[in-house]
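The values are calculated or read from the model by the stated rules, or taken from the named source; none is laboratory data. Quantities reported herein were computed from a predicted structural model and do not represent experimental measurements. With ideal geometry, Cβ positions are generated from the backbone for all residues, glycine too; neighbour counts draw on all protein chains shown. Just so you know, the surface numbers come from the protein's heavy atoms only, side chains and all, with ligands and any DNA or RNA stripped out. Shrake-Rupley method; radii C 1.70, N 1.55, O 1.52, S 1.80 Å.
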Amino acid sequence: MSWGTELWDQFDNLEKHTQWGIEFVERYNKFVKDRTDIEISYAKQLRNLSKKYQPKRNSKEEEEQRYTSCQAFLAVLNEMNDYAGQHEVIAENMSGLIFAELSRYIQELKQERKLHFQEGRRAQQHIESCWKQLEASKRRFERDCKEAERAQFHFEKMDNDFNVTKADVEKARQQAQTRHQMASDSKGEYSSVLQNFNKEQHEHYYTNIPNIFQKIQDLDERRIVKIGESMKTFSEVDRQVIPIIGKCLDGITKAAESVDEKHDTQLVVEAFKSGFEQPGDVEFEDFSQPMKRTVSESSLSNSRSDGKQESKSGKSKGKLWPFIKKNKGSGPEDFSHLPPEQRRKKLQQKIDEINKEIQKESDQRDGLTKMKDVYIKNPQMGRPESVDPRLAEIEQTIEKLRQESSKFEAWLAEVEGRLPTRPDQPRRPSEMPELPTTAVNNCAQDRESPDGSYTEEQNQDPQLKVAAQNEFDDEFDDEEVLTAIGTCKAMYAFEGQNEGTIAMAEGETLSVIEEDKGDGWTRVRRSEDEEGYVPTSYVEVYLDRNTKGT
């Protein structure tokens, strides 16, 4: 079924129909653009939502991440962030594969349609011109025939009139003959023009118009096919991300299944356990007998240090110290204002912090020592003695930190010797590579508050580190993955034997994720699971311009 044969006389309607077809494609393309904007907005809102509920660093929320329910929620937030990324992929593919492609195709479609209809109008104008020529020839032949007829009638009238001279009759006869000749010529011309018009008309309606309309038909059919393909692509763009979205949902399900109520319950015990024994029975005080009344040694009002009783006017001065909130300030340095278990955790936390500082200073010292060796071997690179002041300063800092650690180790040994029962805490072998262990075998007496009772802060944060086998994992494990801000090239090899550092070979290229903050170390990454610090003087750093100045 062809438009050229079936719709040979519907030029105007076809022009309107094809214009509507292009407008329909433009409307569909606008729909795709709006869908793309929605996906981008949705992805942005999901990312903002995930970011909004991420635990704040160095806050109570970050400490709460040891609970499995909080860890599961964090995993849900991360999966939602990935989920948002898939909607960004949908928007990107729809914009590139559909919207941009259709926009280009619509322009080509308009240009091609314009050429075809211009060709059709030229054909219409040509056949109309032939028709006008035929009409003019026809009217001229008709006029010449009427003039010849009138001239013949005049000649016959003059010929029958005896009052007319022969000269007038002859003139009328010649006039009639001339008119007849003109009519004959007009007839021949009209016949020729008519024959030519019929030929042109046949070619117009059976060749030219069918060819032009066939091109317009092909154009419209290609438009329909294109819109169908675009709709299929619209579906495929969504379908391609379904497996990844499914993995995100599987991750959320896995996170939900990882919630362990028993584990979280045990963490609560470890976080809030005071280490005190439960109070014993309160002895009956018989006021009817004139005797010195004392308080039961097993009760809470008994002093924990030496079991002495105090009385004044027949009343006990003992306090139920587990339930009393005092010392709202920061408390003494040895945390003696805390219950035994909480005090032990605070001391252990403090020791860990000092050990990390010692490790960092030791790594920096090793880096400077190697730099000094390099200067000795290559004097053109620098003066070896220029490093000595900094090395001396680091040695002093390490010595101070070791003394501080020894002090807290002694307090820790004191409180550990007093606790009634406590499972042995595994200690990381590498936690103090150069620090001598201070052994305290004797158990000191319990510390007391000024009134003879233990007190604890009302606003004391109970969210302390949980003592577990992986308590001293790498300090980067709890940090979010940092984006690379540049690259660096190793000028010298570095063994990276100390904790927190990473080994590198000479000439190796690594990603920089954190600049040197003035301590002589740069944080780098080799892969997603391998990152650490290297001496800044050992590498040549190239930062990206879109992050920070080079």
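Both radii were evaluated on the Cα set of the stretch 1-120; the Rg over Rh quotient, with Rh as the Kirkwood radius, amounts to 1.38.
Averaging Cα coordinates gives a centre for the stretch 399-414 and one for the stretch 247-276; these two points are 33 Å apart.
Annotation note: trypsin sites (Lys or Arg not before Pro) in the stretch 1-91 located in DSSP loop regions with a Cβ neighbour count of at most 14 within 10 Å are K56, R57. For the stretch 129-140, 3J(HN,Hα) computed residue by residue from phi via the Karplus equation (6.51, -1.76, 1.60; θ = phi - 60°) reads 5, 5, 5, 5, 5, 5, 4, 5, 5, 5, 5, 5 Hz, glycine and proline entered as x. With 23 Å as the limit on Cα-Cα distance, the pairs of K377/K489; K400/K489; K60/K273 that go past it are K400/K489. The listed residues Y542, Y67 rank as Y542, Y67 when sorted by accessible area, largest first, using a 1.4 Å probe. Computed over the stretch 81-137, the P(r) curve from all C-alpha pair distances, binned at 10 Å from the origin, holds 20, 20, 17, 15, 12, 9, 5, 2, 0 percent per bin. Computed from backbone phi with θ = phi - 60° and the Karplus coefficients 6.51, -1.76 and 1.60, the 3J(HN,Hα) list for the stretch 196-202 is 5, 5, 4, 5, 5, 5, 5 Hz; x is used for glycine and proline. Around the amide H of I513, modelled in the peptide plane, lie the amide H atoms of I485, R523, V524, R525, all under 5 Å away and 5 or more residues distant in sequence or on another chain. For G275, the residues 5 or more places off, or on other chains, whose built amide H falls under 5 Å of its own are E341. For the stretch 152-162, 3J(HN,Hα) computed residue by residue from phi via the Karplus equation (6.51, -1.76, 1.60; θ = phi - 60°) reads 5, 5, 5, 5, 5, 5, 5, 5, 8, 9, 6 Hz, glycine and proline entered as x.
Along its first, second and third principal axes, ordered by size, the stretch 143-226 spans 90, 15, 11 Å in Cα coordinates.
Electrostatic bookkeeping for L102 treats Lys and Arg as +1 and Asp and Glu as -1; over the other residues with beta carbon under 14 Å from its beta carbon, the sum is +4. Here, P(r) means the percent of Cα pairs in each 5 Å bin from 0 to the largest distance; for the stretch 114-179 it is 3, 17, 14, 11, 9, 7, 8, 6, 6, 6, 5, 4, 3, 1, 1.
Ordering 345-352, 226-233 by mean Cβ neighbour count within 10 Å, with the highest value first, yields 345-352, 226-233.
The amide H of V539, built 1.01 Å from its N in the peptide plane, has M491 as neighbours under 5 Å, considering only residues 5 or more places off or on other chains.
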